[in-house]
1. Give, as a single signed number, the net charge of other residues whose beta carbon lies under 11 Å from the beta carbon of VAL290, with Lys and Arg counted +1 and Asp and Glu -1.
2. Which of the chymotrypsin sites (Phe, Trp or Tyr not before Pro) found in the range 160-220 are in a DSSP loop and have at most 16 neighbouring Cβ atoms, other than their own, within 10 Å?
3. Using the charge dipole of the range 154-298 (Lys, Arg: +1 at Cβ; Asp, Glu: -1 at Cβ; taken about the Cα centre), state which of GLN247, GLN200, GLN172 has its Cα farthest towards the positive end.
4. For LYS233, go through the lysines and keep the ones whose alpha-carbon is under 29 Å away, minus same-chain ones fewer than eight residues off.
5. Between the range 175-232 and the range 253-268, how far is it from one alpha carbon centroid to the other, in angstrom?
6. PRE reach from ARG157 (point 7 Å along Cα→Cβ): which of the range 110-143 fall under 19 Å by backbone N?
7. Please compute the per residue accessible area over the range 71-213 with all protein chains in place, 1.4 Å probe, rounded to a whole number of Å².
8. Please report, in debye to the nearest 20, how large the charge dipole of the range 217-291 is about its Cα centre when each Lys and Arg carries +1 at its beta carbon and each Asp and Glu carries -1 there.
Amino acid sequence: MADELELLRRANPVPADAPHFGDGPLDHHAERRLNRLMRQRTSRRPRLLWGLAATAVVGALVAALLFTDQTTAPAVAAPRPLVVQADSTPVSLETLAARARARAAGGSPALRKGTHVKSWSMGMSEDKPPITYPEERIVRWNADDSHTETVDDGHDRTTRTYPPSWSDAPPQSPPPLDVTRLRAYLQETLHIDTAPDTGQLLDGVGVLLDHWTLGARESAVLVQLLADAEGLKPVGQVTDRLGRRGQAYVYEQSVSRQMLIMDPATGAVLGLETTFTEADPEYGVKAGDVMDYSAWMR
């Protein structure tokens with residue numbers, strides 16, 4: 001039990017410095033950390049960690065319902081995993097980084113605080129089949145550092161306004177324009193003590209994009225950081241869930257696969273999908289099922 005408790009402490013889905021959510025529902029940063037916790041299980045203790053993760057997901061969903069004054073949460077059929085076009089040619093991340101640097105020389109578009117993201121997340125329990133929950137989230141910041149957050153779950157659309165926040169800790173602070181400092185920024189964003197591995201880097205990218213819409217220069221630095229990461233392989237072209245063409249890059253882990261989808265011309269991140277690579281009949285999960293998917297827009 002001590003190992004599992006320590007794993008939960010390190011996950012810390014609601015750190016003390018998390019803005020606005022101290023007594024409210026989990027934010028997207030917290031949800032991603034819970035997803036990462038799910039992927040940290042080992043074959044030696046799968047049932048316990050799946051149980052902990054499922055409990056956490058249910059807690060997050062209940063909190064979200066309370067936050068939006070909903071009595072029911074809409075669910076949709078689980079999306080199919082994205083499929084790589086069979087006759088497409090993979091583009092290396094180094095090539096994509098060069099394209100992004102050339103675009104960044106023009107300086108446009110610029111970095112913007114806020115995000116527009118559509119996501120699909122799987123919820124699990126021991127006695128019911130997995131359910132996928134869709135959500136669209138738009139965050140816009142004002143000149144006085146207040147911001148509005150609009151959430152549409154396919155059932156209700158809720159807009160809330162938050163007072164000014166002057167936090168200068170990642171991911172509230174702007175991402176740096178240097179690969180080494182960006183890696184440290186993502187490490188601090190994830191609240192981890194060691195340099196992030198590739199899977200953690202991808203988790204950090206998701207958190208970053210849930211707070212910022214990257215400009216050309218920031219995208220160029222991010223692509224170079226990913227090009228330097230180990231195990232992220234180009235696999236070819238995909239069409240994402242918004243109908244956009246992108247280049248896919250895959251990172252395989254013990255029980256999951258992360259697929260990063262990027263704009264082949266600009267290097268901007270379009271989406272991130274996580275799928276199960278192993279079945280877990282107890283929770284009704286099959287190999288290939290989509291755990292979560294996010295699609296970011298400008």
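The values are calculated or read from the model by the stated rules, or taken from the named source; none is laboratory data. What you are looking at is a predicted structure, and each value in this text was computed from that prediction instead of being measured. For neighbour counting, all protein chains shown are included, and Cβ atoms are generated from backbone atoms with ideal geometry for every residue, glycine included. Side chains included, ligands, DNA and RNA excluded: accessible areas come from the protein's heavy atoms. Shrake-Rupley method; radii C 1.70, N 1.55, O 1.52, S 1.80 Å.
1. Once positives and negatives cancel, what remains is +1.
2. Here the chymotrypsin sites (Phe, Trp or Tyr not before Pro) that fit, given the DSSP loop and packing criteria, are TRP166.
3. GLN247
4. LYS118, LYS286
5. 13
6. Inside the label zone: 115-120, 134-141.
7. 51
8. Dipole magnitude for the range 217-291 comes out near 360 debye.
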